[in-house]
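Asker: Structure in structure tokens, see below.
Throughout, read-outs are computed from the coordinates displayed, never taken from laboratory work. These figures come from a predicted structure and were not determined experimentally. Because the Cβ atoms are built from the backbone with ideal geometry, glycine has one as well, and the counts that use them run over all protein chains shown.
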Amino acid sequence: MIKIFSHPRSGTHFLEAFVANNFYPNRDLSVKDLTWGHWSNRKTKELNPYGQLFGGHHFPKRSFRLKPKPLLYIYRDGRAVAYSIWKTPNFLNREMSGLSFSEFLRTPLDWKGSPGNKIGEGLTIFEHWSKHVEEWSRLKGNIVLISYEELLENPGKVYKKILLHCFPMQYYKKFNNTDIKIIEKPLGLLPNKGSKDSWKKVFNEDDLKYYQNFISK
């Protein structure tokens, strides 16, 4: 079975739904009693309909032990990731709830991999995101990198990429004769609205310049 990895708030549930509906339409992939959120403010969701597809949010040295299962890694614009984490109430320590967005961008996180994993003073959100994406992108082998923005705008291309990598024997038989199921409704734990540019309303000029430090290396 395909396993999906990502940085938190990168479209994980969106891709899970896409994969489930297009590649496992008649299979029960649900997981009950999913616990999520910051280690200081955990919540439980009664059911994740596609939870068996989830691989994790951790860094790849740990994740890649799951090979040779086909892996998908979904990544997203770091500005959208940062905004989504900041506006999701229980993804941050309660003591950080009063931070402005600009302050949040420059404040070290107290978690690693996912908000549920407590550590001491760590990386800022952009440092964490860029390190996560970079390490996953360097991996070779049984893995497909998928852009959240591309899944949103060109699901047919993403479908073809997954089919060719994960189901190569079916590729030529199936692709041209399959109606792709598009995921239109927001999904997940306090889901985003499926918009790739929602971050623009909270970034000021200094924030945008700060972000450039993490994508021009």
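Asker: Measuring from label point to label point, each 7 Å out along Cα→Cβ, what is the Ser30 to Lys45 span in nm?
Answerer: It is 1.4 nm.
Asker: In sequence order, what are the phi-derived ³J(HN,Hα) couplings for segment 208-214 according to the Karplus relation 6.51 cos²θ - 1.76 cosθ + 1.60 with θ = phi - 60°, rounded to whole Hz, with x for glycine and proline?
Answerer: 5, 5, 4, 4, 4, 5, 9
Asker: Holding the Cα-Cα limit at 19 Å, pick out from Lys112/Lys209; Lys157/Lys200; Lys3/Lys61; Lys61/Lys131; Lys3/Lys69 the pairs that are longer than that.
Answerer: Pairs exceeding 19 Å: Lys112/Lys209; Lys157/Lys200.
Asker: For Lys112, enumerate residues with amide H under 5 Å from its amide H, sequence gap 5+ or separate chain, H modeled in the peptide plane.
Answerer: Result for Lys112 returns Asn117, Ile119.
Asker: When only DSSP loop residues count, what GluC sites (Glu not before Pro) in segment 79-140 have their Cβ near at most 15 other Cβ atoms within 10 Å?
Answerer: Those that pass, being in a loop and sparsely packed, are Glu121.
Asker: How many angstrom lie between the Cα centre of segment 81-137 and the Cα centre of segment 141-163?
Answerer: Using only Cα atoms, the two centres lie 26 Å from each other.
Asker: Trypsin sites (Lys or Arg not before Pro) within segment 95-138: which are DSSP loop residues with at most 10 other Cβ atoms inside 10 Å?
Answerer: Hits after loop and neighbour filter: Arg138.
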